[in-house]
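Accompanying notes for the structure given below.
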Amino acid sequence: MAFSGTLQKCKMCDKTVYVVDLLSADGVNYHKSCFKCSHCKGTLSISNYSSLEGVLYCKPHFEQLFKETGSFNKSFQLPPKSADKQHDLARAPSKLSSLFSGTQDKCATCYKTAYPLEKVTVEGESYHKSCFKCSHGGCPLTPSTYAALDGILYCKHHFAQLFKEKGNYNHLIKTASMKRNAALIPAEEAAADPS
């Protein structure tokens, strides 16, 4: 006795559905491989699908359809295919991705790129956390423990100590000027280096 075909047809591909590949949902027959979300094309099962007027959706996209349109009577608004790439380029980056993406901020000490996860910003200047230290003693600084004179960073302890040595900050201003001039050379080199 030969195996004969059935009269049942898959709603999606309109081909014969044999018993071993039959999936029936809402009284409609499908091949197991044709039972997919109409939006994401993900394979569905009886336990994770929703249907609207015979259109199949996975549960997340069924809920998203309601959130986007306010009802289940509408379909997803898909941009034209040519606009997809432009839409992706125009989309703002997520907050998480911006923590890892490039930036135009340069460290005021080493003149290399200061990424958001590793930078400290004080008085409009950006610093790597590892570069944000006292120029006199190398002490690590925080925004609440630093003092600055002409762009040169000090810890509050050394800043007070240096004032006590001479009774003023004139010698620090002179030192700061020399440090700034010495830093211009690495700044010009760093500007030429694209990293």
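Worth a mention:
- Put a dot 7 Å past the Cα of residue 130, heading toward its Cβ, do the same for residue 25, and the two dots end up 5.3 nm apart.
- Phi-derived couplings, Karplus 6.51 cos²θ - 1.76 cosθ + 1.60 at θ = phi - 60°, listed residue by residue for segment 27-35: x, 10, 9, 9, 6, 4, 6, 8, 7 Hz, with x used for Gly and Pro.
- Distant-in-sequence amide H partners of residue 153 (H built 1.01 Å from N, under 5 Å): 135
- When the pairs 15/41; 106/156; 32/59; 9/36; 112/156 are compared against a 21 Å limit on Cα-Cα distance, 106/156; 112/156 fall above it.
- Computed from phi, the 3J(HN,Hα) profile of segment 44-49 under the Karplus parametrisation 6.51, -1.76, 1.60 (θ = phi - 60°) reads 9, 10, 4, 7, 10, 10 Hz, with x in place of Gly and Pro.
- For segment 22-69, the ratio of Cα radius of gyration to the globular rule of thumb 2.2 N^0.38 Å stands at 1.08.
- Relative packing of peptides 149-160, 43-54 - highest average C-beta neighbours within 10 Å first: 149-160, 43-54
- Computed lengthening from residue 16 to residue 32, 0.36 nm per intervening residue step minus Cα-Cα distance: 4.5 nm
- Segment 22-69, relative contact order in percent, only Cα pairs under 8 angstrom and at least six apart counted: 25 percent
- Segment 118-127 - phi-based ³J(HN,Hα) in whole Hz, Karplus 6.51/-1.76/1.60, Gly and Pro as x: 10, 10, 10, 10, 9, 6, x, 10, 9, 9
Every number in this text was worked out from the coordinates using simple rules, so none of it is lab data. Small disclaimer: the values here were computed from a predicted structure and weren't measured. Positions of Cβ are generated from backbone atoms using ideal geometry, with glycine treated the same way; all protein chains shown enter the neighbour counts.
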